[in-house]
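To start, the structure under review is shown below, and the notes come after it.
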Amino acid sequence: METLRKLLQTFFTILTNSFVLFPWTKNIYQGPLKILCSPGLNCYSCPASTTYCPLGAIQQLLLGVRFSIETGSYYFSSYVFGTIGIIASLTGRLTCGWLCPFGLLQELLYKIPSRRKFQVAQPLRYIKYFMLVCLVILFPLMLTDQWGIGKPWFCKFICPAGTLEAGIPMIILQPDLRPTLGYLFYNKLFWMFWFLIWSIYSSRPFCKTTCPLGAFYGLFNRISIFQLHLNKQRCTDCGACRSVCPMDIQFNKNVNSSECILCLRCMTEACHYDAISIHCAGLPLSLIPRKPRTPKTPQLQPDHS
């Protein structure tokens, strides 16, 4: 199952970045596919990207609201909010575990050997909700210039995926942009390297601490059509589920946590007692393969009689 997940992550990364002509056009793809929303974090300005990023689209929508109202142009983009709402309500954070290109990159970096691996402190996980509420929603909407236009705060100041997928490639493709580089670019370059290096020592640190898209999807984990179920009669509270979880969750302590990316490793690799199962719209998916279990037999005490 883990091999299948990696293959799907790789396939979707290629699919959403499949404009292979960018080395010749030296510009961003603007074709008909650009109206499609990428479920994962995938920068609109990446020269290979054929889709748009939901976070960027929301910020672009909100930063122009006050200007539109002041000029008498009243509108609401039900397409943007509807698309991301449908994805979230159907899958929760399954998208993060199976489709997100930046999630895949973090997982690959974590496989690099290091002397120590560290867990992310629990309080840091709340930062992503600040990013969602403030940098994605409130700041673009409320902090505007004299014309009533805001900024895409998260994309402009933080997003490491944007720097990696768009900023660096565009500077390579268009050398004329290099003299314009300043504080904003180097600030984002710092955050990109920070998360890439951190990913070697901690599993998915950006997903756990900073990603507003993951924070939004996680709010729907308990109502999405894909749900992990716990059989309490079979669970022994052994903690094996946490030992394989890329998000450091002990499943039986927090069923369908907002942090869970539904990678299924707890179910297919860790649990020896079949205490975890996945359901789709309330129906169990019993055909998902599981790692062969080694039967656990009780240790017999020697007879000294």
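The values are calculated or read from the model by the stated rules, or taken from the named source; none is laboratory data. Quick caveat: nothing in here was measured; it's all calculated off a predicted structure. As a convention, Cβ positions derive from the backbone with ideal geometry for all residues, glycine included, and neighbour counts pool all protein chains shown. Surface areas here come from the heavy atoms of the whole protein model, side chains and all, with no ligands, DNA or RNA. Shrake-Rupley method; radii C 1.70, N 1.55, O 1.52, S 1.80 Å.
Annotations
- Candidates 99, 108, 104, filtered to the one that is without any contact (Cβ under 8 Å) to a residue 24 or more places away in the chain, closer than 20 Å to residue 160 by Cα and aliphatic (A, V, I, L, M): 108
- Output for region 24-47, where each listed residue is buried (at least 17 other Cβ atoms within 10 Å of the Cβ) and more than 21 Å from the chain's Cα centre (by Cα): 28, 29
- Selection status of residue 109, open to solvent by 40 Å² or more (accessible area, probe 1.4 Å), closer than 21 Å to residue 197 by Cβ, modelled with pLDDT of 95 or more and in a helix (DSSP H, G or I): no
- Among (1) within 29 Å of residue 65 (Cα to Cα); (2) β-branched (Val, Ile, Thr); (3) in contact with a helix residue (DSSP H, G or I) (Cβ under 8 Å, 6 or more places away or on another chain) - the single one residue 86 does not satisfy: (3)
- Restricting region 178-226 to residues that are among the hydroxyl-bearing types (Ser, Thr, Tyr) and without any contact (Cβ under 8 Å) to a residue 40 or more places away in the chain, the residue that is surrounded by the fewest Cβ atoms within 10 Å (Cβ to Cβ): 183
- Condition met for residue 169 (modelled with pLDDT of 90 or more, open to solvent by less than 10 Å² (accessible area, probe 1.4 Å) and not in a loop (DSSP other than H, G, I, E, B)): no
- Residues in region 226-245 that are more than 24 Å from the chain's Cα centre (by Cα) and closer than 9 Å to residue 275 by Cβ: 230, 231, 232, 233, 234, 235, 236.
- Sub-8 Å Cβ pairs linking a first residue in region 7-31 that is closer than 12 Å to residue 45 by Cα to a second residue that is acidic (Asp, Glu), at least 6 apart or interchain, are 17/165, ordered by first then second residue.
- Qualifying residue in region 253-261 (condition: open to solvent by 10 Å² or more (accessible area, probe 1.4 Å), outside any loop (DSSP other than H, G, I, E, B) and not charged (D, E, K, R)): no
- Of the residues making up region 90-114, those that are in contact with a helix residue (DSSP H, G or I) (Cβ under 6 Å, 6 or more places away or on another chain), hydrophobic (A, V, I, L, M, F, W, C) and under 17 Å from residue 12 (Cα atoms) number 5.
- Condition check for residue 145 on (1) part of a helix (DSSP H, G or I); (2) exposed (fewer than 15 other Cβ atoms within 10 Å of the Cβ): one failure, at (1).
Results for (1) surrounded by fewer than 18 Cβ atoms within 10 Å (Cβ to Cβ); (2) of a type outside the set (Val, Ile, Thr); (3) farther than 14 Å from residue 215 by Cα, shown as yes or no for each residue.
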residue: 103; (1), (2), (3): no, yes, no
residue: 117; (1), (2), (3): yes, yes, yes
residue: 125; (1), (2), (3): no, yes, no
residue: 134; (1), (2), (3): yes, yes, no
residue: 164; (1), (2), (3): no, yes, yes
residue: 176; (1), (2), (3): yes, yes, yes
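- Boolean, residue 78 is open to solvent by 30 Å² or more (accessible area, probe 1.4 Å) and in contact (Cβ under 8 Å) with a residue 40 or more places away in the chain: no
- Enumeration of residues in region 139-166 that are among the hydroxyl-bearing types (Ser, Thr, Tyr) and modelled with pLDDT under 90: 144
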